[in-house]
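Below is one structure, written out as structure tokens; the observations come after it.
The values are calculated or read from the model by the stated rules, or taken from the named source; none is laboratory data. Note that this is a predicted model, so its numbers are computed, not measured. Backbone-built Cβ (ideal geometry, glycine too); neighbour counts: all protein chains shown. Areas reflect the complete protein model, heavy atoms only, side chains present, ligands, DNA and RNA absent. Shrake-Rupley method; radii C 1.70, N 1.55, O 1.52, S 1.80 Å.
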Amino acid sequence: MERDFGHLRKNYEANVLDEAQLSNSPTALFNQWFDEATQAGGVAEVNAMTLSSTDDTGKIKARIVLLKELTAEGFVFYTNYNSDKCRALFVNPKVSLSFFWPNLERQVIISGIASKVAPDVSDAYFASRPKGSQIGAHVSPQSDIIASREVLEARQAALEEQFAGKDIPRPSHWGGIVVAPFEMEFWQGRPNRLHDRLVYLKQDDTWSKQRKAP
């Protein structure tokens with residue numbers, strides 16, 4: 001069924017983005033925006049980000065993952081290494097991350113190179129997770145075809161019995177991915193679709209910034 005969504009409009013007036021007042025560090029600006037989005041409220045998961053990747057056939061896929069840490073190396077999330085997302089990014093590590101914070105009429109688009117974090121980093125994060133989430137990492141053959149949900153529930157019950165009263169080890173197929181950014185674009189909605197777009201580009205270890213037309 002065809003539908004027309006052309007009548008859905010919003011005029012953005014919440015903020016401005018002036019490059020003369022910005023830090024030379026895009027991660028400093030990201031942290032500032034993240035904190036402001038958190039403090040403003042209205043967004044259930046401020047750390048939700050869209051990860052877009054391309055597999056070896058050229059198929060592009062986007063999905064939501066959760067940012068768990070911002071380190072000197074980049075943006076870190078955790079997942080099953082056998083998943084569709086990791087199968088793609090291990091072939092083509094150039095990926096995109098995007099955040100949208102409608103409460104402040106802002107988005108951030110990050111281009112970077114994805115790789116595994118060190119095993120001890122994954123171990124430490126896995127140990128901090130709730131036990132149910134730890135079991136879930138063992139239960140799911142993520143992205144594989146399964147016969148029914150009952151398959152997962154039966155495996156969950158078996159593993160809960162197996163690990164009752166015991167520490168749960170991190171499965172080798174599960175861990176962290178870090179996206180090292182080489183470009184970060186900050187978008188601020190403005191009236192009449194004349195939005196502010198500031199782009200940071202990394203060359204060697206130095207960031208430069210420039211304005212793009214909306």
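Among the residues making up the range 37-59, those that are under 26 Å from E105 (Cα atoms), without any contact (Cβ under 8 Å) to a residue 40 or more places away in the chain and either touching a strand residue (DSSP E or B) at 6+ places or on another chain (Cβ under 8 Å) or of a type in the set (V, I, T) (or both) are T38, E45, N47. In the range 197-214, the residues that are over 15 Å from V108 (Cβ atoms) reach residues that are surrounded by 15 or more Cβ atoms within 10 Å (Cβ to Cβ) and basic (K, R) with C-beta atoms within less than 8 angstrom, at least six apart or across chains, in these pairs: R211/R197; A213/R197; P214/R190; P214/R197. Hey, any hits in the range 7-26 for a residue that's within 30 Å of G136 (Cα to Cα), among the acidic types (D, E) and in contact (Cβ under 8 Å) with a residue 12 or more places away in the chain? Checked against the condition, which is being within 30 Å of G136 (Cα to Cα), among the acidic types (D, E) and in contact (Cβ under 8 Å) with a residue 12 or more places away in the chain, the range 7-26 yields no hits at all. The helices (runs of 4 or more DSSP H) found wholly in the range 119-214 and carrying at least 1 residues that are open to solvent by 60 Å² or more (accessible area, probe 1.4 Å), modelled with pLDDT under 90 and over 30 Å from Y12 (Cβ atoms) occupy 149-162.
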